[in-house]
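J.: Below is a structure I'd like to ask you about.
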Amino acid sequence: MTADVGGPGACASTPPKRPATSGEQTVGGASVSRGRLVVAVALLDDERRVLAARRREPPAYAGMWEFPGGKVEPGEDELDALVRECREELDVEIEVGPPLGEVGLASPGWILRVWFGRVVGRSPRLLDHDELRWLAAGELDDVRWMPADGPLVEKLRDALTGPDPIRWPQRP
């Protein structure tokens with residue numbers, strides 16, 4: 001996933017249903033950023049472990065771990081973007097589950113939204129990252145997470161260890 005990291009003002013919440021914010025607008029001939037939506041997924045396996053992906057680049061973030069995902073393209077639905085990013089980064093199809101949360105990123109107007117998900121079919125492959133690891137709740141602190149993912153890792157830990165099950169949408 002290519003995104004700015006969360007700064008001091010980053011906060012975690014449950015993502016509301018709203019259209020994706022993406023792209024730029026022109027004001028007086030100048031390009032003005034109005035923010036961007038970044039989507040990611042906490043992929044869970046049957047043992048309630050989450051897939052963490054270690055970044056290769058850019059150099060400032062190389063070696064840090066993240067939830068797979070990426071930027072929503074202009075006009076693209078955010079869940080379609082999430083499915084696309086998992087195909088591109090991991091060569092997998094996913095089933096999107098309930099939302100995990102949302103954080104503001106360091107760049108003004110940028111937002112990271114994360115959902116729970118499951119891999120459907122083949123196993124994830126290394127395409128964009130240099131390592132993948134399945135982490136149990138007790139292993140979440142064994143890796144150095146991207147700063148933006150940090151608040152969501154805490155929410156993930158609570159969801160994995162708490163008494164309430166993660167509620168998946170009903171399958172047709």
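J.: Does any residue of segment 67-82 turn out to be modelled with pLDDT of 90 or more, of a type in the set (Phe, Trp, Tyr) and either touching a Ser or Thr at 6+ places or on another chain (Cβ under 6 Å) or assigned to a loop (DSSP other than H, G, I, E, B) (or both)?
T.: The answer is yes; a qualifying residue exists.
J.: Which of the residues that make up segment 33-49 are at negative phi and either among the charged types (D, E, K, R) or surrounded by fewer than 21 Cβ atoms within 10 Å (Cβ to Cβ) (or both)?
T.: 33, 34, 36, 45, 46, 47, 49
J.: Right, next: Of these, 109, 150, 138, 97, which one is small (Gly, Ala, Ser) and either over 18 Å from residue 50 (Cβ atoms) or in contact with a helix residue (DSSP H, G or I) (Cβ under 8 Å, 6 or more places away or on another chain) (or both)?
T.: 109
J.: Please enumerate the residues belonging to segment 138-151 that are exposed (fewer than 15 other Cβ atoms within 10 Å of the Cβ) and in a loop (DSSP other than H, G, I, E, B).
T.: 144
J.: Looking at segment 119-137, is at least one residue among the aromatic types (Phe, Trp, Tyr) and buried (at least 17 other Cβ atoms within 10 Å of the Cβ)?
T.: no
J.: Now, a different point. Test of understanding: among 106, 62, 52, which residue is exposed (fewer than 15 other Cβ atoms within 10 Å of the Cβ), of a type in the set (A, V, I, L, M, F, W, C) and modelled with pLDDT under 95?
T.: Result of the check over 106, 62, 52: 62.
J.: Scan segment 152-170 residue by residue and report those that are within 18 Å of the chain's Cα centre (by Cα) and not in a helix (DSSP H, G or I).
T.: 166, 168, listed by residue number.
The values are calculated or read from the model by the stated rules, or taken from the named source; none is laboratory data. All of these numbers come straight from a predicted model, not from anything done at the bench. Counting neighbours? That spans all protein chains shown, and the Cβs are built from the backbone with ideal geometry, glycine included.
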